[in-house]
Amino acid sequence: MSLRQRTTSRRAASESSTDPSAAAVPRLAALAGVLTFIAVVYAISTTLVHFDILSIPFPHSTAINYAGIGVGVVAALVMIGITRTKLSPERILAFGLWFQVIGGLCISIAEQQSTRPGVPLVSIWILTFTLLPVSPHRAAFAAFATAATVPIAIMAHVALGNRELPTSGMEWLPLLGAVVAAHISSFITRVMYGLGRQAEQARRLGAYELIEELGHGGMGEVWRAQHHSLIRPAAVKLLRRELTSRLSATEREALNARFQREVQATAMLTSPHTIAVFDFGHTHDGTLYYVMELLHGLDVESLVEKHGPVPAERVIYLLRQACDSLAEAHRRNLIHRDVKPANIYLCAVGLKVDFVKILDFGLVRDLRSDMRLTSEGSVSGTPAYLAPEAAAHNQFDARGDIYALGCVAYFMLTGQLVFEAETSAGMIAAHIRDQPAAPSKRSELPIPPALDEVVLACLAKKPEDRPQTAEELQELLNAIPVATPWNQTRALGWWSVNVPALVESACKECDAHASPPPVRRRPAPVVRDTVGL
């Protein structure tokens with residue numbers, strides 16, 4: 001099987017897991033298989049009874065019984081074949097309702113030859129079809145049509161002289177049982193259909209449908225999503241409903257307006273190293289969400305935790321890309337406020353790897369600080385990456401992002417935080433008063449002295465002593481001499497060895513969405529009639 005075929009099959013499997021109709025097709029095939037098995041066992045048993053080979057309380061077989069068994073087996077085999085075709089799941093389930101009626105008729109013919117009491121098997125057959133997610137009125141029609149096969153089978157046997165016409169109420173109990181089963185089936189289907197519609201509406205956010213949860217944290221959940229008409233996959237972040245539940249109606253409206261302005265501002269950022277925002281909105285219950293590009297890769301936090309400290313030349317390579325994103329944002333007066341390893345993502349984009357994307361740009365932290373969603377006296381930001389002026393006075397500008405990026409560089413080089421403390425308060429106090437040790441003193445990897453100086457400059461206590469802009473920091477990084485610069489060749493080699501699954505995932509995504517090359521037809525030769533020239 002080719003890579004494209006494997007990718008297509010996996011996408012089909014993923015879609016079937018989220019589409020109730022597609023998921024019901026295998027169940028329909030299983031029901032057809034069960035009917036085939038029962039029909040074959042019944043045919044063998046009645047035949048053995050007919051020739052006195054087997055002594056069980058089965059009625060002797062008649063021609064109509066064998067005809068019913070034959071029709072049932074053929075209908076079941078045809079149904080199994082239909083489930084294996086390329087018809088849409090909805091069309092297959094429509095055939096399934098006709099199969100329910102035909103199968104019910106075959107079962108009724110087999111069991112209504114005699115007047116034995118008991119729950120009719122056709123009632124169980126009706127109830128099993130509540131497993132199919134079809135519209136309530138179609139399900140009700142099929143259920144009551146199947147129940148109607150009981151009197152039809154009774155009259156057929158009476159007409160052929162196989163049994164007497166029922167004369168007492170007890171003899172009509174099979175019909176009552178089938179009708180009751182049809183009512184129960186209709187009720188269950190109506191309830192399940194309503195719940196399914198509610199679940200579908202809950203999964204759909206505007207033009208996007210939630211596919212699977214990718215992760216969750218203190219601020220909300222991130223889901224893989226699919227646009228209803230575009231091939232492009234996306235990621236949807238749902239902000240926690242609890243963040244706005246305590247606000248008044250006026251505050252909630254102001255929050256929505258601020259959220260809209262922030263998303264629009266972020267969507268205007270054009271740096272390739274800033275995650276792209278596609279859409280935003282709120283659900284019917286007021287939960288805010290925004291749609292962003294789906295990334296294949298890992299964040300810096302996972303990188304260091306799983307693979308240890310990062311070589312200096314690679315740190316420089318990654319920081320330069322992060323500076324590109326921050327520089328544009330700062331020019332537009334957008335401050336990230338939460339630069340940390342978890343928000344710096346290394347991904348495979350196109351044919352490149354180790355491509356940096358900055359996440360959560362100016363969305364969540366602005367909302368939490370400006371709309372009083374934090375407790376009184378609390379500080380917005382992550383303590384381990386918080387600038388001293390932000391920790392002491394809750395003052396934040398672009399240089400606070402520079403300080404946080406210096407903390408990220410320190411973490412990548414050493415595998416350790418700039419300051420260690422048992423509590424958040426202790427961590428914040430250390431950032432305010434303590435001087436950090438040089439990264440080279442806390443790392444076993446070689447670190448150029450120039451890189452030491454740049455990182456410590458970013459960690460200066462006073463904002464004016466740091467690089468004042470991301471462009472300035474980028475220039476300082478470019479000036480650091482390294483023996484063997486990090487490049488795409490080295491990056492691809494590292495990814496192929498350490499995270500081959502991510503490389504394969506990105507390649508499959510490209511292959512799945514690739515268009516086949518156009519087929520160029522050679523023009524037919526022009527044949528000229530030269531007779532008479």
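The values are calculated or read from the model by the stated rules, or taken from the named source; none is laboratory data. Worth saying up front: this structure is predicted, and the values here are computed from it rather than measured. FYI the Cβ positions are ideal-geometry reconstructions off the backbone, even for glycines, and counts take in every protein chain you see.
All but one of (1) at pLDDT below 85; (2) under 20 Å from I107 (Cβ atoms); (3) surrounded by fewer than 14 Cβ atoms within 10 Å (Cβ to Cβ) hold for N162; state the number of the condition that does not hold.
Unmet for N162, out of (1) at pLDDT below 85; (2) under 20 Å from I107 (Cβ atoms); (3) surrounded by fewer than 14 Cβ atoms within 10 Å (Cβ to Cβ): (3).
Going through region 198-216 one residue at a time, which ones are at pLDDT 65 or above and either among the hydrophobic types (A, V, I, L, M, F, W, C) or surrounded by 11 or more Cβ atoms within 10 Å (Cβ to Cβ) (or both)? Walk me through how you get there before you give the answer.
First, pick out the residues of region 198-216 that are at pLDDT 65 or above: 205-216.
Correct list: L205, G206, A207, Y208, E209, L210, I211, E213, L214, H216.
Tell me, which residue of region 415-441 that is acidic (D, E) and closer than 24 Å to L451 by Cβ is surrounded by the most Cβ atoms within 10 Å (Cβ to Cβ)?
Step one: of region 415-441, the residues acidic (D, E) are 420, 422, 434.
So of that shortlist, the ones also closer than 24 Å to L451 by Cβ come out as 420, 434.
Details: E420: 10, D434: 13.
For region 415-441, the residue satisfying everything is D434.
Of the residues L334, L269, only one is under 16 Å from A398 (Cβ atoms), outside the structural domain of V418 (by TED's automatic domain parsing) and in a loop (DSSP other than H, G, I, E, B); which? I'd like the intermediate steps shown before the answer.
Numbers: L334 fails: outside the structural domain of V418 (by TED's automatic domain parsing).
Unique residue meeting the criteria: L269.
Quick one: which helices (runs of 4 or more DSSP H) lie wholly within region 81-153 and hold at least 2 residues that are aromatic (F, W, Y)?
On the way: elements: 89-111, 121-128, 136-147.
Answer list for region 81-153: 89-111, 136-147.
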